[in-house]
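To start, the structure under review is shown below, and the notes come after it.
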Amino acid sequence: MFKLVLFLLFALIANANELKLLDGQIQAHTEVFGDSTIDPQTKDIITKVQKGDSIESISGEFIINSSTLVSDNKDRDKHMYEVLKSSVSPEISFTIIAIEKAGDKYKITGNLKLNKMTHQITTLATITQNDKINMNGDFSINLTDYDLEPPTMFFLTVRNKIDIKYNFDFNKGI
């Protein structure tokens with residue numbers, strides 16, 4: 001029995017190729033009602049992603065440190081880090097649970113962890129596989145779902161909803 005389990009484990013590992021991130025970007029977008037937009041982004045992304053025989057077999061985790069998100073306004077970024085509680089819980093992660101074909105796109109279901117809280121989200125993505133694997137899509141979250149309060153200043157309030165876009169290029173594995 002032990003040999004069978006060991007063989008099956010080895011077969012799973014042999015069929016799953018580690019994907020190396022060649023290039024990637026995560027962009028967030030929100031608005032200050034009555035004023036401007038806030039568009040921080042990061043390219044500082046840690047990935048632990050594997051792929052078996054199909055796109056649907058892709059699994060893994062994407063991690064960023066919230067303090068690597070930068071916009072065009074460094075003073076505003078400091079306030080953003082306070083809102084995100086970067087000093088207490090700097091890591092933001094997304095773990096893929098499942099990928100399913102949905103027309104010409106893929107539905108990715110996963111767990112988003114932010115401020116030590118985890119919520120399941122779904123995103124539609126375009127995933128192509130040529131000389132590399134490209135994955136890009138978007139989704140939205142509410143700050144209050146993660147026990148984070150949108151800041152206010154005088155009569156200006158930051159929108160609760162954060163739109164997130166991502167684009168990743170991976171090698172095809174070993």
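The values are calculated or read from the model by the stated rules, or taken from the named source; none is laboratory data. Not measured: the values here are computed from a predicted model. Here Cβ is always computed from backbone atoms with ideal geometry, including for glycine, and neighbour counts include all displayed protein chains. The protein model used for the area step is the full one, side chains on, heavy atoms only, and it has no ligands, DNA or RNA in it. Shrake-Rupley method; radii C 1.70, N 1.55, O 1.52, S 1.80 Å.
Would you confirm whether any residue within the range 25-37 is free of Cβ contacts under 8 Å to residues at least 40 places away in the same chain and exposed (fewer than 15 other Cβ atoms within 10 Å of the Cβ)?
Yes, the range 25-37 has at least one match.
Does THR144 meet the test of being part of a helix (DSSP H, G or I), of a type in the set (Val, Ile, Thr) and exposed (fewer than 15 other Cβ atoms within 10 Å of the Cβ)?
yes
On the given criteria, is LEU84 modelled with pLDDT of 95 or more, within 20 Å of HIS29 (Cα to Cα) and surrounded by 18 or more Cβ atoms within 10 Å (Cβ to Cβ)?
In short, yes.
For SER87, are the conditions met, namely being over 18 Å from ILE45 (Cβ atoms) and assigned to a loop (DSSP other than H, G, I, E, B)? Steps first, please.
Working: over 18 Å from ILE45 (Cβ atoms): yes; assigned to a loop (DSSP other than H, G, I, E, B): yes.
Taking the combined requirement at face value, the residue satisfies it.
List pairs: first residue in the range 63-91 and in contact (Cβ under 8 Å) with a residue 60 or more places away in the chain, second residue small (Gly, Ala, Ser) and part of a helix (DSSP H, G or I) anywhere in the structure, Cβ distance under 6 angstrom, at least six positions apart or on different chains.
So the pair list comes out as LEU84/SER66.
If you go through the range 147-170, how many residues are modelled with pLDDT of 95 or more and either open to solvent by 80 Å² or more (accessible area, probe 1.4 Å) or under 30 Å from ASP53 (Cα atoms) (or both)?
9
Which of the residues spanning the range 126-150 are free of Cβ contacts under 8 Å to residues at least 60 places away in the same chain and in contact with a Leu (Cβ under 6 Å, 6 or more places away or on another chain)?
GLY137, TYR146
Report whether or not ILE38 is modelled with pLDDT of 95 or more and of a type in the set (Val, Ile, Thr).
It is false that ILE38 is modelled with pLDDT of 95 or more and of a type in the set (Val, Ile, Thr).
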